[in-house]
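Below is one structure, written out as structure tokens; comments come after it.
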Amino acid sequence: MENKYTGRTFIVEIVAIVLGLIFLVPFYYVVSNSLKTFAEILTNTSALPTVLQFSNYVQAFEKLDYLRVFTNSLIITVASNVVLIIFCSMAAYMLVRTKKKISNIIFMTFVAAMVIPFQSIMIPLIKTAGNLGMLNSMWGLVIMYLGFGSGMTIFLYHGFIKNIPVELEEAAIIDGCSPFGVFWRIVFPLLKPITVTVMILNSLWIWNDFLLPSLVLQDPELRTIPLATFFFFGQYTKQWDLALAGLVLSIIPLLIFFFSMQKHIIKGITSGSIK
Amino acid sequence: MSNHTKLENTNSTSLGQTIANASKPTSFLNSKKLKKAGLFALFVGPAFLAFSVIVLIPFLTGVYYAFTDWNGVTGNVTWVGLDNFKYLFTEDKQFQQSFLLTIKYTVVAIVLTNIVGFGLALLVSQMLKTRNILRTVFFLPNLIGGLLLGFIWQFIFIRGFQSIGAATGWSLFELPWLGDENTAFWGIVIVSVWQGAGYIMLIYLAALQNVPQDIVEAAKIDGASRFQVLRHITMPMVAPAVTICLFLTISSSFKIFDVNLSLTNGGPFKSTEMLALNIYTEAFVNNRYGLGEAKALIFFLVVAAITVIQVSITKKREVES
């Protein structure tokens, strides 16, 4: 808030940097120990590794079946995002533009259901999903993410579309554009800022989600990164060299995603929370 | 294609035409109404269908199951009235303990997360040379899911603290952190604050940046101290953000599951098992679905009550300002 860099600002800066380092300490421990031998982890936990043990990573990579679980996570996250964006933007658009009681009722149902915690749904959901053949299927899981994510996604789109003037659409209709054409060619491109926000919030949630996939995907071949890490960590508890390398491997994709989209992420999270 | 052309006409009708249409033959009006309804269903239908099957119907059937003895395996579902709830509040000591623990944890976590988050926001809103990188650093833990964070800290508490304790001789680090119910509870608190503070910081930061600098300058010229500025200008200006952050942390703390599972798994001896984990165990480990649903219903009612209070307070604020 100060405009000049004073001695006081310098002290504040030192304090802030020390705090920042404290925040990073857990990452230091995990990364540095993931490159040590098991014996060295036990004898010298805090020091830097003497010889870098990249073999930990090779082993963890294989035992996690990393390529497969990474691909699974990617497919599920991307597919869920695609269906959420397509169907929720369409629904929100129609709910805003149709000035009827039914639109309000449906919208309020979506919003009100955001309150329901997952634990209040999961038991019958897994039972129903079993009957519908949605268990052990990535598509089943994607449909579930559409169901769970629709409340917030429609809510965010709804708020954004309300502020888009309708005149443009009316002109397009007069020019002979179909309702689908109006939406996809005229309205949807205008939604880009909120689409980015929606995409980021949903991606972080779905990529990190553990409980739902753990209930739906029982087949080891379908495991996502959090699921695979969970079983891997359980199997190699106390075998820290492997467990830690596996943890780092699980975190890397998130870091890449974050640093490539940092600006959007911070903006998206701030705007998403305030609404 | 011909369908579309007709629909276009429908949409472009002005109010006058609509009134004129009303006098036209009803069959035409019905087909037009039908098309509008069809279009509505086409746009809203897919999302609403998925939402109904995945969220709405399971939730409502869940409410019903809360009053039964369903075990999920056999087809027998018997209505038992309020028996499940009676059992939970009179006999199920583990549930009662989890409930109280979750409330205690929620109170501690919201206070600490908000204080740390607000403090960090104050720090990184100064003209520091490293403020951008520090914002990233403080936010970083939030990016990673609770499950992975719990595993990271398992290593820190078990090996890292031991090593720091041996090097410094500080008894704080030599405690059996995850092996004792009291310290294990604080372990969960530490991880959640570490995870949540950066997120809360971002919201406070956005609010702090909206505080008009001319008012701050004017107050300083009038001789206000730093603390007075913070107390009488900054704090009231960020009050709406405080409401947002309080409720964000209340509901996320109350629903804690991932960190609880991966850091302590409710241990030692179920002493740190919070509500969400307790419901999970009841349903999927003990296979007592009916009882699990009764717990889930109570859980829902608490979360819903918190949200209703939040919305009414936010609404009131909006009216006042």
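The values are calculated or read from the model by the stated rules, or taken from the named source; none is laboratory data. This structure is a prediction, so every number in the text was calculated from the model and none was measured. Methodologically, a virtual Cβ is constructed for each residue, glycine included, from the backbone with ideal geometry; neighbour enumeration extends over all protein chains shown. Accessible surface areas use protein heavy atoms only, side chains included; no ligands, DNA or RNA. Shrake-Rupley method; radii C 1.70, N 1.55, O 1.52, S 1.80 Å.
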Quiz item: Out of the stretch A:170-203, which residues are assigned to a helix (DSSP H, G or I) and touching a residue at least 60 places away in the same chain (Cβ under 8 Å)?
Solution: A:183, A:187, A:188, A:195, A:196, A:197, A:198, A:199, A:200, A:201, A:202, A:203
Practice problem: Search the stretch B:40-67 for residues that are within 7 Å of chain A (Cβ to nearest Cβ) and pair each with any residue that is not in a helix (DSSP H, G or I) when their beta-carbon atoms are under 7 Å apart and the residues are at least 6 apart or on different chains. | Solution: B:40/A:98; B:55/A:116; B:55/A:121; B:58/A:121; B:59/A:116; B:59/A:121; B:62/A:121
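Sort through B:71, B:142 and tell me the only one that's within 13 Å of another protein chain (Cβ to nearest Cβ), part of a loop (DSSP other than H, G, I, E, B) and not aliphatic (A, V, I, L, M). Don't jump to the end; show me each part of the working.
On the way: B:142 fails: part of a loop (DSSP other than H, G, I, E, B).
Unique residue meeting the criteria: B:71.
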Quiz prompt | Residue list for the stretch B:275-289, filter: surrounded by fewer than 24 Cβ atoms within 10 Å (Cβ to Cβ) and more than 16 Å from residue A:212 (Cα to Cα) | solution = B:286, B:287, B:288
Quiz item: Only one residue in A:166, A:96 is surrounded by fewer than 17 Cβ atoms within 10 Å (Cβ to Cβ) and either under 18 Å from residue B:40 (Cβ atoms) or among the aliphatic types (A, V, I, L, M) (or both). Which one?
Solution: A:166
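Given A:186, A:200, A:194, A:206, which one is away from chain B (no Cβ under 11 Å), within 30 Å of residue B:42 (Cα to Cα), of a type in the set (A, V, I, L, M, F, W, C) and crowded, with 20+ Cβ neighbours inside 10 Å? Talk me through it step by step, then tell me what you get.
Details: A:186 fails: crowded, with 20+ Cβ neighbours inside 10 Å; A:200 fails: away from chain B (no Cβ under 11 Å); A:206 fails: away from chain B (no Cβ under 11 Å).
Only one candidate passes the filter, namely A:194.
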Practice problem: Could you list all residues from the stretch A:201-257 that are of a type in the set (Phe, Trp, Tyr) and under 24 Å from residue B:160 (Cβ atoms)? | Solution: A:210, A:230, A:231, A:232, A:233, A:236, A:240
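Identify, please: which residue in the stretch B:216-242 is part of a helix (DSSP H, G or I) and of a type in the set (S, T, N, Q) and is, among those, surrounded by the most Cβ atoms within 10 Å (Cβ to Cβ)? Walk me through it before giving the result.
Step one: of the stretch B:216-242, the residues part of a helix (DSSP H, G or I) are B:216-221, B:226-242.
If we keep only those that are of a type in the set (S, T, N, Q) too, we end up with B:228, B:234.
Details: B:228: 13, B:234: 19.
So the residue we want is B:234.
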Self-check item: Members of the stretch A:1-40 that are farther than 27 Å from residue B:213 by Cα and among the aliphatic types (A, V, I, L, M)
Solution: A:18, A:21, A:22, A:24, A:25, A:30, A:31, A:35, A:39
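Could we say that residue A:106 is among the β-branched types (Val, Ile, Thr) and at pLDDT 90 or above here? Give the steps one after another, and end with the answer.
On the way: among the β-branched types (Val, Ile, Thr): yes; at pLDDT 90 or above: yes.
It is true that residue A:106 is among the β-branched types (Val, Ile, Thr) and at pLDDT 90 or above.
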Practice problem: Collect the residues in the stretch B:263-274 that are surrounded by fewer than 16 Cβ atoms within 10 Å (Cβ to Cβ) and either within 18 Å of residue B:148 (Cα to Cα) or acidic (Asp, Glu) (or both), keeping them in residue-number order. | Solution: B:267
Quiz item: For the stretch B:3-19, does any single residue satisfy the condition of being in a helix (DSSP H, G or I), modelled with pLDDT of 80 or more and basic (Lys, Arg)?
Solution: no
Practice problem: Would you check which residues across the stretch A:99-126 are facing chain B (nearest Cβ under 7 Å) and either open to solvent by 10 Å² or more (accessible area, probe 1.4 Å) or within 20 Å of residue B:280 (Cα to Cα) (or both) and list them? | Solution: A:106, A:113, A:115, A:116, A:117, A:119, A:120, A:121, A:123, A:124, A:125
Practice problem: Being touching a residue at least 12 places away in the same chain (Cβ under 8 Å) and at the interface with chain B (Cβ under 9 Å from one of its Cβ atoms) is the filter here, so list the residues in the stretch A:144-169 that pass it. | Solution: A:144, A:145, A:146, A:148, A:150, A:151, A:153, A:154, A:169
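State yes or no: is residue B:154 open to solvent by 20 Å² or more (accessible area, probe 1.4 Å), modelled with pLDDT under 95 and either more than 7 Å from chain A (Cβ to nearest Cβ) or under 24 Å from the mean Cα position of the chain (by Cα) (or both)? Give the steps one after another, and end with the answer.
Working: open to solvent by 20 Å² or more (accessible area, probe 1.4 Å): yes; modelled with pLDDT under 95: yes; either more than 7 Å from chain A (Cβ to nearest Cβ) or under 24 Å from the mean Cα position of the chain (by Cα) (or both): yes.
So residue B:154 passes the test.
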Quiz item: In the stretch A:131-143, how many are more than 8 Å from chain B (Cβ to nearest Cβ), in a helix (DSSP H, G or I) and surrounded by 14 or more Cβ atoms within 10 Å (Cβ to Cβ)?
Solution: 4
Quiz item: Which one is nearest to residue A:204 (Cα to Cα), of the residues in the stretch B:149-168 that are touching a Pro at 6+ places or on another chain (Cβ under 7 Å) and of a type outside the set (Phe, Trp, Tyr)?
Solution: B:149
